[in-house]
Amino acid sequence: GRNGSGKSNIGYALALILSATRRKLTKLERESLINTGSRANSTTIELIISPEFESTPDFTLKRVISLKSDQFYLDNTAITHDQHYDFICRYFTPNSPFYLVFQGDIETWAISCSKASHLLDTLVNVLGVGGVDEIFTDSVDKIAAEKEKQEEKRVELSTLETKVAKDAEKFTGWNIANKKRRFLEHKLLDLMRINLEHELKNLEEPLEEEKMKILEAEVRYAQAEEAFIAASDDQETWEQARNQERKLLDRLQAEKHTIQEELATLQEEVKNLEEKLNADADFSLIDKKNRLQEEITRLKTKKMTLMNEFQQIKESHHEKLQNYTENRLKIAAIARKKRIATEIQDGSDVTAAITKINEQIRVQEDAVDIQRIEVSHLEERKFDDERKLMKKQENIEEIRKNLPELRKRKVDLGQSRNHLLDKQKNQQKELAELHELIEIDLRENMKLQKDLNFFVRPELLQGIQSVEKILNKWQDEERVYDVEGVFGLVLENFKPERAVVLAAEVAAGDRLFHYIVRDRELILKFQKELEELPGLVSFIPLANVKNSDVNYPENSETIPLISRIEFLDKNTEKVVKSIFSRTIIVRNLARGAELVHHYPKFKFITLQGSQVLSQGHFRSGFADSSTSRIKIFQDFRKSTEQLNKRKKEYKKINNNLENLRHSLLEVLTALQKIDLEIYQEEEKLSQLLREIPKITNNIDISTKNYDSGVLFLEELRAGLEALQATRHDLQTNLHDLQPALLQEHMTNLEIGNQQKKKIIHESERKVGELESSLKNIDLELTQHENLLRNLEAEPGELSLEEIRENLTKNHRKIEKLEEKSVKIGTELDQTRAQLEQLELEIIKKRRILRDAKFQKTILENDLKSAKIGEQSVLSQISEIQEKLTELEEKEQNMATVPTLPNPQEFDELSRKQLEQRIQQLKRKEASFGDVLTVYHTESEKNLKEIRKIKEIIEETTENIEKMEEIIDEERENLNLKKLKTLDWALNELNKKFCEIFRKIIKNGTVKIYPINSKGKRILDDEIPWDNVKNLKIRASFSGDDEHMDDLIKLSGGQKTIIGLCLLIAIRQICMAPFFYFDEIDRALDDEWRDIVANLVRDFSKLTQIISITFRKEFLCVADKFFKVSAVNGCSRIVESDLDEAVGFVDKDAAEDES
């Protein structure tokens, strides 16, 4: 390759991967290794050793150098730096890499004595006999370390022995206190067990008494429970009979209600038809509706009047009934007084009568409380039914109000659906047309992108795409300040004239694709975002670019490139100038080469893109004048913008279409929902209309039950008051009671009560008539409302013939329904009478059941009290037994009773005194600390550690003695081996060196000899290698006895021959997998090139040779050829052949001569 193409980089790469140094590269060294022009992050060197050579195995070494660190790999497995160094030391000599010969190094091998001990060090390193002193130094250090450890162990041994003695003394004091404590704890447990057994025996008699009480209470409770069950069964039988009658009554009432509704409807129809027939004309639909509305209003007013009258009569009836009940209770009280007065006159005991009355009062009070609870339940049930009826009626009105609105909404939704369907069809057509245009733009954009990928590196394009993503993201986040701080790519900020487009592209290079930004702060924001995005991006901070004035050469043959460029943005003008201001256009490359010597700060470029850099280097041959990266990129940008614009429009229409679909789906769903709501509302209305009669009937039953319960409660209260008054009379006026007067008073009350009973029956009749009238009005009102709804739903008019025909049919239906209604009415009267008898009987049964339940509750409480007493005694026994069990478990967990020298001193101590002594001993034990663990664990551990330390001290002493003996023996052996190896190597090297030298110089002689520190030759038969400081070469090219010791005076070609022969000789006594020669033939004359080339060819049979050369003689003996060229500032290697290589060398030589 040409000069500056990077041929020598292969040698530097080999040196980096086979380097002897373990130090890390500096930041400056790393930056110089990495191709900063392309903004790469790392560089990689890979060395593959094939199995063709006997000295090394098959392996692959790789080193990746980044800006911060290095990675090493062996056969694609990551290894450390030290592992890498140790590995190359097995097969190479990294400290003396004689197999790497750079430019000019071949001559230094001939004059190696000029470098201090260079040749001697190389020989020692390749033979592997160095480092003897280092081995001894390490061993001595190990011995010193072992002695230091031995002294530390002795100090540790003394400390442990002192600690063990102290622990033993402490344990003795603790053991005495521990034995006394355990003895007293056993004594305390015995005393506590005796006390508990005595308490347990004292509880046996109270337990037997409680068991007898339970037995008696259980017998009485069983009898009361049998009586309660019998009364409950009897009441349940009567209630079942009552429920059956109620069901029959409900069925008959429902049938009658239905018949009455049908009858009222038919009667209303007949009335309407007769009115039409009498009027001899058809009424209009509006008139019918108005009449029905007036009739409904009239009926509602009449209903309110009857309800007020019904409420007044009902309240009056309740008062009369209450007076009647009070008179009955007064009669009963007077009868009791009469009986008591008779008994007093007969001489009976008044106290017994008062006691009996007190018992009756207690029972009556319980009955009043129970009935009060029952009445509250009945009242709550009644209110629940009334609330249900009110709620149902409200629901009916709400449904009737909602149905017209729902039907109107359904019509509106149907119109919206048709409108949305038309709009959807139009947008689908528009979307299809836009899709075809996007397909055309996409094909054009892909073609431009393919062209752009060919001329621009992919990582740059990826970086541009990443920046565009970040800008779009910032735009969405409304980061206007950051977005406005980006001025685009360099090529977007200037426009060159058509003639200088290629020159501008070549001069700017990859800087065309650098982004111009406001400042470094914005660059840091970009770098943070780019960490997870692909591509390569470079930024130019506008704030850091300074304006500079350039003085151009005054020459008519040169044109400043900046004068042929139009600036598109004044803000970025200084950036564009900084890139092109020192570039000048010239007619040809030769003129540029002349001018660069006079103006070294400028770059000269031709219109075809060839340029001469400011250092005088040439760069040419990589520009294509038929294409323009700027034009392709601008076309690509324009196409991309148009494509994105149409995609956004497509997306917008698609989103609108999607929204339209959602809206249409919502409308269709709403239509289905409206249909379902209408159906559900109609079903609810039908269901509510069916439920209203049943709820009304339940309200009637609840009202009756509530009125009966209230009446019964008032009776109970009045009876209670009468009993209390009787007891008062007995206690205060015992001698004033006269049976005759009492009988007369009772008779008068009975006569008045019979009159009140007639008035009550008359009031009940009026209440029933008013209830019947209210039901008829409700029925009639319902019929009129139904007719009104039918008229609204089916607006139509009837003819006179149809009216007469319908009138006849309705009369027949009315007759049948009236007959059926009379029959059902008779059954209803019979059922009501039967139900009243059952209700009276059930009230009696409830009283019996209530008394039985009260008696059962009393006896149940007695039984519970007896069981609680037994449980209390058993609980005390259980607690004592648990304490005894705990004492037994505690005694089992305790150790055996320790033996004391004088245990009698504790016999007279009480429980409290024993506990005090135990606490004192515990505190004394605690004062010793965790002595037991220390003695049994730590002391044992310390004793083991003492034995272990003694063994270590003995073992260390033996090891130190053995190591000292081995060091002495190894030092002697290694020195002997080193001397023998060096003697052999020097003799063998001289022999090989001379043989190879004579292949080139027939009568020449050469020899290597040792010299001392003063540079004088050592002539002893046995060389004292300890005094040898270097090796020196003597050579003769003339064949006579004249030898030249100072080889510096030799020519470059002679030095090259000596150096090459020496390296080949070293290779024959020490293996190397390859040799690298960088222009070793540079100093050779033509007459020596063929000879040296053949020598290298023969040498290549021993090892692989990689050589850089500009000479045909070396090319003719080579096996493979590689051509190195510079493309875009980077070296590129391609395999070539002999003819191309020779042609290249001849062309290069011709250019040099010209």
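The values are calculated or read from the model by the stated rules, or taken from the named source; none is laboratory data. Keep in mind that this is a model prediction, so the values were computed, not measured. For neighbour counting, all protein chains shown are included, and Cβ atoms are generated from backbone atoms with ideal geometry for every residue, glycine included.
Please indicate, with yes or no, whether at least one residue in the range 521-542 is touching a Leu at 6+ places or on another chain (Cβ under 9 Å), surrounded by 15 or more Cβ atoms within 10 Å (Cβ to Cβ) and charged (D, E, K, R).
no
Only one of (1) under 60 Å from the mean Cα position of the chain (by Cα); (2) at pLDDT below 80; (3) loosely packed, with under 15 Cβ neighbours inside 10 Å is not met by Lys149, so which one is it?
Every listed condition holds for Lys149 apart from (2).
Have a look at Leu502, Leu460, Leu489, Leu452 and point out the one that is of a type outside the set (D, E, K, R), in contact with a His (Cβ under 9 Å, 6 or more places away or on another chain) and surrounded by 15 or more Cβ atoms within 10 Å (Cβ to Cβ). Step through it out loud before you land on a result.
On the way: Leu502 fails: in contact with a His (Cβ under 9 Å, 6 or more places away or on another chain); Leu460 fails: in contact with a His (Cβ under 9 Å, 6 or more places away or on another chain); Leu452 fails: in contact with a His (Cβ under 9 Å, 6 or more places away or on another chain).
Of the residues listed, the single one that is of a type outside the set (D, E, K, R), in contact with a His (Cβ under 9 Å, 6 or more places away or on another chain) and surrounded by 15 or more Cβ atoms within 10 Å (Cβ to Cβ) is Leu489.
Check the range 484-492 and report whether any residue there is over 32 Å from the mean Cα position of the chain (by Cα) and part of a loop (DSSP other than H, G, I, E, B).
Of all residues in the range 484-492, those over 32 Å from the mean Cα position of the chain (by Cα) come to 484-492.
After this cut, where a residue has to be part of a loop (DSSP other than H, G, I, E, B) as well, the list is 485.
Yes, because at least one residue in the range 484-492 is over 32 Å from the mean Cα position of the chain (by Cα) and part of a loop (DSSP other than H, G, I, E, B).
Exactly one condition in (1) surrounded by 15 or more Cβ atoms within 10 Å (Cβ to Cβ); (2) over 30 Å from Gln465 (Cα atoms) is false for Lys429; which is it?
The failed condition is (1).
Taking only the range 229-258 into account, find how many residues are among the β-branched types (Val, Ile, Thr) and farther than 24 Å from Arg690 by Cβ.
Looking only at the range 229-258, we keep the residues that are among the β-branched types (Val, Ile, Thr), and these are 229, 237, 258.
Among the residues that remain, those that are also farther than 24 Å from Arg690 by Cβ are: 229, 237.
Looking only at that region, the number is 2.
Is it the case, given these coordinates, that Asn1030 is surrounded by 11 or more Cβ atoms within 10 Å (Cβ to Cβ), in contact with a helix residue (DSSP H, G or I) (Cβ under 9 Å, 6 or more places away or on another chain), assigned by TED's automatic domain parsing to the domain that holds Ile1091 and touching a residue at least 40 places away in the same chain (Cβ under 8 Å)?
Here the answer is yes, as Asn1030 does meet what is asked.
If you scan the range 653-688, which residues turn out to be within 29 Å of Asp778 (Cα to Cα), exposed (fewer than 14 other Cβ atoms within 10 Å of the Cβ) and of a type outside the set (Ser, Thr, Tyr)?
Listed by number, the residues that qualify are Gln680, Glu682, Glu683, Gln687.
Restricting to the range 546-573, count the residues that are within 25 Å of Asn493 (Cβ to Cβ) and either of a type in the set (Asp, Glu) or surrounded by fewer than 17 Cβ atoms within 10 Å (Cβ to Cβ) (or both).
Number of matching residues: 15.
Considering each of Leu863, Leu874, Leu835 in turn, give the residue that is at pLDDT 75 or above and either farther than 30 Å from Glu236 by Cβ or loosely packed, with under 15 Cβ neighbours inside 10 Å (or both).
Leu874
Out of (1) touching a residue at least 40 places away in the same chain (Cβ under 8 Å); (2) within 17 Å of Leu568 (Cα to Cα), the odd one out for Val486 is which?
Tallying (1) touching a residue at least 40 places away in the same chain (Cβ under 8 Å); (2) within 17 Å of Leu568 (Cα to Cα), Val486 fails exactly one: (1).
Suppose we filter the range 987-1005 for residues that are crowded, with 20+ Cβ neighbours inside 10 Å and part of a helix (DSSP H, G or I); how many remain? Reasoning before the result, please.
Within the range 987-1005, the first condition is being crowded, with 20+ Cβ neighbours inside 10 Å, and the residues that meet it are 989, 993, 996-997, 1001.
This time we only want the ones that are part of a helix (DSSP H, G or I), so: 989, 993, 996-997.
The qualifying residues number 4.
Would you mind finding the one in Leu25, Leu47, Leu123 that is more than 20 Å from Gly6 (Cβ to Cβ) and either at pLDDT 80 or above or touching a helix residue (DSSP H, G or I) at 6+ places or on another chain (Cβ under 9 Å) (or both)?
Leu123
Quick check on Ile1008: is it touching a residue at least 24 places away in the same chain (Cβ under 8 Å), assigned to a loop (DSSP other than H, G, I, E, B), in the same structural domain as Ala110 (by TED's automatic domain parsing) and among the aliphatic types (A, V, I, L, M)?
On the way: touching a residue at least 24 places away in the same chain (Cβ under 8 Å): yes; assigned to a loop (DSSP other than H, G, I, E, B): no; in the same structural domain as Ala110 (by TED's automatic domain parsing): yes; among the aliphatic types (A, V, I, L, M): yes.
The answer is no for Ile1008.
Could you please let me know if Ser158 is out of contact with any Gly (no Cβ under 9 Å at 6 or more places or on another chain), among the hydroxyl-bearing types (Ser, Thr, Tyr), loosely packed, with under 14 Cβ neighbours inside 10 Å and modelled with pLDDT under 70?
no
Residue check: is Gln427 part of a helix (DSSP H, G or I) and touching a Gly at 6+ places or on another chain (Cβ under 9 Å)?
no
One line per residue, one yes/no per condition, for (1) under 30 Å from Leu215 (Cα atoms); (2) in a helix (DSSP H, G or I); (3) aromatic (Phe, Trp, Tyr):
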| residue | (1), (2), (3) |
| --- | --- |
| Gln834 | no, yes, no |
| Ile843 | no, yes, no |
| Gln876 | yes, yes, no |
| Ala895 | no, no, no |
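Exactly one of these conditions fails for His514: (1) in contact with a His (Cβ under 6 Å, 6 or more places away or on another chain); (2) surrounded by 19 or more Cβ atoms within 10 Å (Cβ to Cβ). Give me its number.
(1)
What's the number of the only condition in (1) at pLDDT below 85; (2) crowded, with 21+ Cβ neighbours inside 10 Å; (3) of a type outside the set (Ser, Thr, Tyr) that Cys1061 fails to meet?
The failed condition is (1).
Mind checking which pairs have a first residue in the range 962-980 that is under 18 Å from Lys147 (Cα atoms) and not assigned by TED's automatic domain parsing to the domain that holds Ile1023 and a second that is basic (Lys, Arg) and surrounded by 11 or more Cβ atoms within 10 Å (Cβ to Cβ), Cβ under 9 Å, 6 or more apart or different chains?
Met963/Lys142
In the list Asn272, Asn278, Asn243, Asn290, which residue meets the criterion of being at pLDDT 75 or above and either of a type in the set (S, T, N, Q) or touching a Pro at 6+ places or on another chain (Cβ under 6 Å) (or both)? Explain how you work it out, then say what you get.
Working: Asn272 fails: at pLDDT 75 or above; Asn278 fails: at pLDDT 75 or above; Asn290 fails: at pLDDT 75 or above.
None of the other options fit; the residue is Asn243.
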